[in-house]
Amino acid sequence: MKLIDSIVTEAASIASVRRDIHAHPELCFEEVRTADVVAGKLTEWGIPIHRGLGKTGVVGIVHGRDGGASGRAIGLRADIDALPITEFNTFAHASTHPGKMHACGHDGHTAMLLAAAQHFAKHRDFDGTVYLIFQPAEEGGGGARVMIEDGLFEQFPMQAVFGMHNWPGMKAGQFAVSPGPVMASSNEFKIVIRGKGSHAAMPHMGTDPVPVACLMVQAFQNIISRNKKPVDAGVISVTMIHTGEATNVVPDSCELQGTVRTFSIEVLDMIERRMRQVAEHTCAAHEATCEFEFVRNYPPTVNSPAEADFARQVMAGIVGEANVVRQEPTMGAEDFAFMLQAKPGAYCFIANGDGDHRAMGHGGGPCTLHNPSYDFNDDLIPLGATYWVQLAQTWLSRPAG
Ligand SMILES: [Zn+2]
Ligand SMILES: [Zn+2]
C-alpha cells in the first residue's frame with residue numbers, strides 16, 4: 001500500500017479530531033459545533049473557507065501551485081451529520097449527547113477529508129483548485145440538495161465531484177467503485193382508504209377498508225413482477241398498516257405507508273404511476289375512496305462511467321488492482337445523488353474492515369452501519385486521505401476538456 005508520508009505522520013492527530021467529533025454528534029442541519037471544528041482546522045492550516053451553504057455547510061478553497069490559474073477544479077465531499085441513535089459503546093470517545101450518535105461513520109468521512117486538506121494546504125502540489133465540501137444533513141435532510149440550491153456549483157464552479165463512504169464487512173485496505181447506479185432512489189408513499197364503519201357482525205351495512213388494503217398490498221407486488229422489466233431493480237415495501245381499534249367494529253378507514261426504491265427514474269415513474277392506478281381503482285371497485293401521496297426523497301446515485309473508471313485507476317495505484325473490487329449496488333440511498341445529477345463524478349466505498357479495530361469498550365461487533373455499536377476505523381484515515389489527494393492531483397493534471 002502506497003500511502004503519502006506526510007499524511008501518515010499526521011494521522012494520529014487527525015484521529016483525535018475524529019474522536020472528538022464522534023463524542024459530539026449533531027443531527028441534520030444542527031452541525032454547528034462540527035462545522036466550527038472543521039472551519040477551525042481549515043483556518044489554522046491557511047485554507048480560506050465559506051460557511052452557510054445548507055445552513056451548516058463548510059467549503060474550503062485550496063488553490064494549487066498555479067494559484068488556480070489552470071481553471072481546472074474538483075470537488076471532494078464529506079458528510080458531517082450523525083443519527084438519532086443512542087450509542088451502546090462505552091469507550092472514551094463515545095457520544096456525550098444522549099440519543100445522538102455517529103453510527104454511519106460520517107465523523108470518519110470528515111476526518112479523512114480534513115487529513116487531505118492539511119496535506120493540500122502544506123504542499124500545494126497540484127494545479128487548479130480543490131473545493132473541500134463538508135456537507136450537512138445526509139441522513140434524511142437532503143443537505144446536498146440544499147447546498148446546491150444555495151449556490152454550491154455557481155459559487156464554486158467545478159468540473160467533477162467525488163464522494164466516499166466507509167463500508168463495514170469489506171476487507172480493510174480495499175476500495176469499491178463501479179460505473180452506473182450504486183445506490184437507489186428513496187421514496188415514501190401514504191395511502192388512505194376511506195370506507196364506512198359499521199358493526200362487525202353486519203359488514204354489509206358499511207364499506208370495509210381492510211380487505212381493500214389487503215388486495216392493494218398484494219397487487220403492488222404484481223407491479224414489481226409483471227410491469228417492470230425483470231432485469232430492472234425495484235422494491236415496494238408496505239411497512240405500516242394502521243386501522244381499527246375493536247374486534248367488533250368495521251373501521252372507517254385504513255392507512256398504508258411504505259417505501260419504494262429504484263435504480264432509475266424511468267422505473268420510479270412507472271411504479272408511482274401504476275401504484276396510483278392500482279390504489280384508486282382497487283378502492284373504486286370496492287366503493288371506497290382513495291387518498292394517494294407519493295414523495296420522492298433522494299434520486300438514485302449514479303456514477304458517471306469515465307469518472308468511476310478514473311477513480312478506480314487512482315485506487316489501484318494505491319492498493320493494487322486486486323484490492324479495488326466491484327461496488328455491489330445497494331437499495332440504500334444517499335443524497336450525494338443530487339451532486340451527481342449536477343456534475344460528473346463517482347461515489348465509492350472504502351472498506352471499514354471486519355471489526356478488528358474494535359477495542360475494549362465497543363459493543364458487540366462486527367456490525368452494520370446505523371447500528372448502536374458502530375465505530376469508524378481510524379486506520380482508514382491515511383488511506384482515505386491518500387486517495388483524496390491523489391485523485392485530485394491526477395484529475396487536475398489532465399488537460400481541460
Ligand atoms: Zn447513514
Ligand atoms: Zn452514511
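The values are calculated or read from the model by the stated rules, or taken from the named source; none is laboratory data. All figures in this text were calculated on a predicted structure; none of them were measured in a lab. Glycine gets a Cβ as well: all are built from the backbone with ideal geometry, and neighbour counts include every protein chain shown.
From Gly384, Gly345, which residue is away from ligand 2 (no atom under 16 Å from the Cβ), modelled with pLDDT of 80 or more, buried (at least 17 other Cβ atoms within 10 Å of the Cβ) and of a type in the set (Gly, Ala, Ser)? Before the answer, list the steps.
Values: Gly384 fails: away from ligand 2 (no atom under 16 Å from the Cβ).
Result: Gly345 is the single residue among Gly384, Gly345 that is away from ligand 2 (no atom under 16 Å from the Cβ), modelled with pLDDT of 80 or more, buried (at least 17 other Cβ atoms within 10 Å of the Cβ) and of a type in the set (Gly, Ala, Ser).
What is the residue count in region 146-169 for residues that are surrounded by 19 or more Cβ atoms within 10 Å (Cβ to Cβ) and within 16 Å of ligand 1 (Cβ to nearest atom)?
Looking only at that region, the number is 6.
May I ask you to say which residue of Gly64, Gly105 is within 16 Å of ligand 1 (Cβ to nearest atom) and small (Gly, Ala, Ser)?
Being within 16 Å of ligand 1 (Cβ to nearest atom) and small (Gly, Ala, Ser) holds for just one of Gly64, Gly105, which is Gly105.
To keep it simple, each residue is scored yes or no on (1) charged (D, E, K, R); (2) within 16 Å of ligand 1 (Cβ to nearest atom).
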residue	(1), (2)
Ala316	no, no
Glu321	yes, no
Asp335	yes, yes
Gly345	no, no
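Scan region 33-49 and give yes if some residue there is of a type in the set (A, V, I, L, M), more than 16 Å from ligand 1 (Cβ to nearest atom) and surrounded by fewer than 17 Cβ atoms within 10 Å (Cβ to Cβ), otherwise no.
No, that holds for no residue.
Residues of region 214-237 being within 19 Å of Thr289 (Cβ to Cβ) and either among the polar types (S, T, N, Q) or touching a helix residue (DSSP H, G or I) at 6+ places or on another chain (Cβ under 9 Å) (or both), which ones?
Correct list: Leu215, Met216, Ala219, Phe220.
Tell me whether region 74-81 contains one or more residues that are under 23 Å from Glu307 (Cα atoms), away from ligand 1 (no atom under 15 Å from the Cβ) and either of a type in the set (S, T, N, Q) or surrounded by fewer than 17 Cβ atoms within 10 Å (Cβ to Cβ) (or both). Break it down stepwise before answering.
Of all residues in region 74-81, those under 23 Å from Glu307 (Cα atoms) come to 74-79.
Remaining after also requiring away from ligand 1 (no atom under 15 Å from the Cβ): 74-76.
The next check asks that each one be either of a type in the set (S, T, N, Q) or surrounded by fewer than 17 Cβ atoms within 10 Å (Cβ to Cβ) (or both); those that pass are none.
No, every residue in region 74-81 fails to be under 23 Å from Glu307 (Cα atoms), away from ligand 1 (no atom under 15 Å from the Cβ) and either of a type in the set (S, T, N, Q) or surrounded by fewer than 17 Cβ atoms within 10 Å (Cβ to Cβ) (or both).
Looking only at region 324-339, filter to residues that are touching a Phe, Trp or Tyr at 6+ places or on another chain (Cβ under 7 Å) and not in a loop (DSSP other than H, G, I, E, B); which one of those is farthest from His109 (Cα to Cα)?
So the residue we want is Val324.
Name the residues in region 267-290 that are more than 18 Å from Val217 (Cα to Cα) and in contact (Cβ under 8 Å) with a residue 24 or more places away in the chain, would you?
Selection gives Val267 alone.
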